[in-house]
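Remarks on the structure that follows.
The values are calculated or read from the model by the stated rules, or taken from the named source; none is laboratory data. Here the structure is a predicted model, which is why all the values come from computation and not from measurement. All Cβ positions, glycine included, derive from the backbone under ideal geometry; neighbour counts span all protein chains shown.
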C-alpha cells in the first residue's frame with residue numbers, strides 16, 4: 001500500500017483541524033509504536049505514515065471481514081483519516097494497534113448503519129469485478145463472512161492478510177490465547193462449511 005493516498009488524506013485532515021501545527025519529522029519507521037504515536041500527536045506526518053505502513057494490513061483484514069470487498073479500499077483510507085484526526089486521544093502509544101483495530105471495526109459498523117436504508121440488490125456478488133478473484137476464492141471468502149465475528153476477523157487476518165497468530169494478537173490487542181482459540185474454532189467451522197471435515 002502506497003503511503004501517498006494516506007499522506008494526502010492526512011494533509012486534508014490537518015487542513016481541517018486548525019489546532020494542529022505541522023511538526024518536522026522526528027520519528028523513524030523503526031521506532032516503537034509509542035514513539036511513533038507520540039510523534040504523530042505532535043503532527044509528524046512521517047510518524048503517522050510509518051504507523052499506516054505497519055498496520056494497513058490489519059485494518060484491511062478487519063474491514064474485509066465486515067464489508068463488501070469493493071468498499072474496503074475507501075474505508076481503509078477513512079479509517080486512517082479518522083485515526084489521524086483522533087490520534088491525540090490515544091493515551092498509551094503501545095495500545096495503538098488495538099485502538100486502530102477498534103476504529104476500523106467502528107467504521108465498518110458506521111458503513112452498515114448508513115446502508116440500512118438502501119435496498120439490497122438480488123444476486124449481489126461478493127467479488128469486486130476489478131479484482132480478478134477466481135470463483136473458489138470468492139466462495140471461501142463468502143463462507144468465511146458467515147462465521148461469527150471473532151472467528152471471521154482472525155481468520156481473515158490469517159488467511160487473507162497472511163499474518164501469524166502472534167502478529168494478529170500484537171496488532172489487534174487480543175491475547176495470544178484468544179487468537180489461537182479463534183483460529184482453531186474458526187478454521188473448524190470454515191472446514192465444515194466447505195465440506196472438508198467429512
Within the range 56-71, can you find the residues that are surrounded by fewer than 22 Cβ atoms within 10 Å (Cβ to Cβ) and over 9 Å from the mean Cα position of the chain (by Cα)? 67, 68, 69, 70, 71
Of the conditions (1) within 23 Å of residue 138 (Cα to Cα); (2) in contact with a helix residue (DSSP H, G or I) (Cβ under 8 Å, 6 or more places away or on another chain); (3) surrounded by fewer than 15 Cβ atoms within 10 Å (Cβ to Cβ), residue 182 satisfies every one except a single condition; which number is it? (3)
Name the one entry in 66, 105 that is touching a helix residue (DSSP H, G or I) at 6+ places or on another chain (Cβ under 8 Å), more than 16 Å from residue 38 (Cα to Cα) and assigned to a loop (DSSP other than H, G, I, E, B). 66
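For the range 161-177, state whether one or more residues are within 19 Å of the chain's Cα centre (by Cα), under 15 Å from residue 143 (Cα atoms) and part of a helix (DSSP H, G or I). Don't jump to the end; show me each part of the working.
Applying the first criterion (within 19 Å of the chain's Cα centre (by Cα)) to the range 161-177 yields 161-176.
Going one step further and asking which of them are under 15 Å from residue 143 (Cα atoms), we end up with none.
No, the range 161-177 contains no residue that is within 19 Å of the chain's Cα centre (by Cα), under 15 Å from residue 143 (Cα atoms) and part of a helix (DSSP H, G or I).
Can we say residue 108 is within 15 Å of the chain's Cα centre (by Cα), assigned by TED's automatic domain parsing to the domain that holds residue 80 and modelled with pLDDT of 90 or more?
On the way: within 15 Å of the chain's Cα centre (by Cα): yes; assigned by TED's automatic domain parsing to the domain that holds residue 80: yes; modelled with pLDDT of 90 or more: yes.
Judged against the criteria, residue 108 is a match.
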